[in-house]
Amino acid sequence: MINGTQITIVGNVGNDPEMRYTPTGQAVSSFSVGVQNRRTRDGDEWKDNGTTWYRVTAWRDLAENIAQSITRGTRVIVVGILASREWKDKEDNQRVTWEITADACGPDLQYANVAVARSRRTRPGNGSEPGNTAEPVSAKPDGADDSGEPPF
C-alpha cells in the first residue's frame, strides 16, 4: 500500500454512503466517487478517457455529516489522503484500488445549491446524548445589526 499523498477530487458519488460504527463507537462512512477523465484533442474537441473510481472513507463527525447530506449522484469535492491497494482478482490478474481517507467533503456548488446547517457536538454528561444537531447558520455575525456599521 502506498500512503501519504494529499489529493483533491471532483466527481459524482456512485452509491449512497454506507454508515457504520466501530466497536468503540467511532462513526465511519464509506462511498465511491467516479472522476471522469477528459482531455482535449485537436484544440476544442473533448475526448472521454474513462472514469477513475475512488473509495472514500470518512471518520467521526465528517462521517455522520456525509451520511446525512450526500446521496448517489451528488457531485462532490473531496480532499484527503490517497492510498493505493494492490490485489488479485478471481482470474489472478493484478489490480489496483484507489482509496481516500477524507479530511473534507462537500457538494460542488457549480451544479447545486445547498442550505448550510452548522453541526455542533453536545457534551456528554449534560443530560443529552452525544451527537450532532443541526443549527442554521446566520448570514450576520452575532451582535450585528442593520445599521451598515462593521460588527467590530
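Only residues that are under 22 Å from TRP87 (Cα atoms) and among the aromatic types (Phe, Trp, Tyr) were counted in region 1-36, giving 1. The set of residues from region 36-50 being part of a strand (DSSP E or B) and either at pLDDT 95 or above or over 19 Å from PRO107 (Cβ atoms) (or both) comprises ASN37, ARG38, ARG39, THR40, ARG41, GLU45, TRP46, LYS47, ASP48, ASN49, GLY50. Based on this model, can you work out whether ARG120 counts as modelled with pLDDT under 90, farther than 22 Å from SER32 by Cα, in a strand (DSSP E or B) and under 24 Å from the mean Cα position of the chain (by Cα)? In short, yes. Only a single criterion out of (1) at pLDDT below 95; (2) part of a strand (DSSP E or B); (3) of a type in the set (S, T, N, Q); (4) surrounded by 11 or more Cβ atoms within 10 Å (Cβ to Cβ) is not satisfied by SER30, namely (1).
The values are calculated or read from the model by the stated rules, or taken from the named source; none is laboratory data. If you're wondering where the values come from, they're calculated on a predicted model, not measured in any experiment. Positions of Cβ are backbone-derived with ideal geometry, glycine not excepted, and every protein chain shown enters the neighbour counts.
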